[in-house]
Amino acid sequence: MSPRQRIATGALFSIAISILCYLYFSGRRPDEKTVSATEDQVYEAVVHDMVGTAHGQPGISQLVFAGKVLTFSSPQADLNSCKENVRRQLVLENSKLPYDSLIDKVYGLIAHGYDDSIRADTIQSFLDRSCTAGRLSQTFHTDLPRTFVTEDSVPFHFRDLQPIKDDGAKSFDEVFPGASGVISFSHVGFDSTLHEAIVATSFACGGLCGTGSRYVLKKRSGRWEVVNKWIVWVS
């Protein structure tokens, strides 16, 4: 065998091993402990985006989170109905994002170096996890002090709610000075390699003040980056 043939054979062997390794590891689902730790990383990235942009109001000095995960399930709906509701509300059909034209894709690749299409396994994971109730993780990091609340743990009302019940409850601003509202997170949906994620959020700041959003993130160079966010509802 000539030196050129040996080099070509070695290159083909290396490529084959790389493909087999990729297929092996991409086919394995990570364990729940790893998923939970990665979910915390996604929450941290979204909070950083929230505080730095939409909810980064001057003077904000603390964060308030709902103690339960945001879920799309209801007592009247079964699991399949819940998944279809999520798919419809968050525009997950055909793995496409809003503003998903060729021009948008080219702009994303040139300006940010990413493709904002969503993998099918990421969507399926999100559909499964977003219909599961539970408590929100309290182990993710935030730069600002934070509090986790449930409906009955801290009695408060927003100032714009009328009429306000005379139950002795203080306003949200009095209970949480320096906070702008209550943030809720759904569970995070991941692809099989934990390099792509979808999470839904809601932000409540009053009776007629709030937004619901859907975030898509991708892991690049070891860090989670928001590559697309879309407001689902506004009140």
| note | Inside the stretch 183-204, the number of residues satisfying the requirement of being farther than 25 Å from Ala120 by Cα and either of a type in the set (Phe, Trp, Tyr) or at pLDDT below 95 (or both) is 2
| field | Odd one out for Ala179 among (1) of a type outside the set (Ser, Thr, Tyr); (2) surrounded by 20 or more Cβ atoms within 10 Å (Cβ to Cβ); (3) closer than 27 Å to Phe126 by Cβ; (4) over 16 Å from the mean Cα position of the chain (by Cα) | value | (3)
| What is the number of the single condition among (1) more than 26 Å from Asp173 (Cα to Cα); (2) at pLDDT below 80; (3) loosely packed, with under 12 Cβ neighbours inside 10 Å that Ser95 does not meet? | (3)
| Looking at Phe140, is it assigned to a strand (DSSP E or B), at pLDDT 90 or above, buried (at least 16 other Cβ atoms within 10 Å of the Cβ) and of a type in the set (Phe, Trp, Tyr)? | no
| note | Looking across the stretch 204-231 at residues that are hydrophobic (A, V, I, L, M, F, W, C) and under 13 Å from the mean Cα position of the chain (by Cα), the single one that is surrounded by the fewest Cβ atoms within 10 Å (Cβ to Cβ) is Ile231
| Residue pairs meeting the criteria (Cβ under 8 Å; at least 6 apart or on separate chains; first in contact (Cβ under 8 Å) with a residue 40 or more places away in the chain and in the same structural domain as Asp40 (by TED's automatic domain parsing), in the stretch 124-136; second part of a helix (DSSP H, G or I) and exposed (fewer than 14 other Cβ atoms within 10 Å of the Cβ)) | Cys131/Leu79
| Unmet criterion (only one of (1) outside the structural domain of Thr193 (by TED's automatic domain parsing); (2) at pLDDT 90 or above) for Asp40 | (1)
| task | For the stretch 118-131, state whether one or more residues are outside any helix (DSSP H, G or I), at pLDDT 90 or above and farther than 20 Å from Glu225 by Cα. | result | yes
| request: Show the residue pairs that are 6+ apart or on different chains and have beta-carbon atoms under 7 Å apart, the first residue being within the stretch 219-235 and in contact (Cβ under 8 Å) with a residue 60 or more places away in the chain and not assigned by TED's automatic domain parsing to the domain that holds Phe190, the second being exposed (fewer than 14 other Cβ atoms within 10 Å of the Cβ) and not small (Gly, Ala, Ser). | output: none
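The values are calculated or read from the model by the stated rules, or taken from the named source; none is laboratory data. The model shown is predicted, which means the values in this text are computed figures rather than measured ones. Methodologically, a virtual Cβ is constructed for each residue, glycine included, from the backbone with ideal geometry; neighbour enumeration extends over all protein chains shown.
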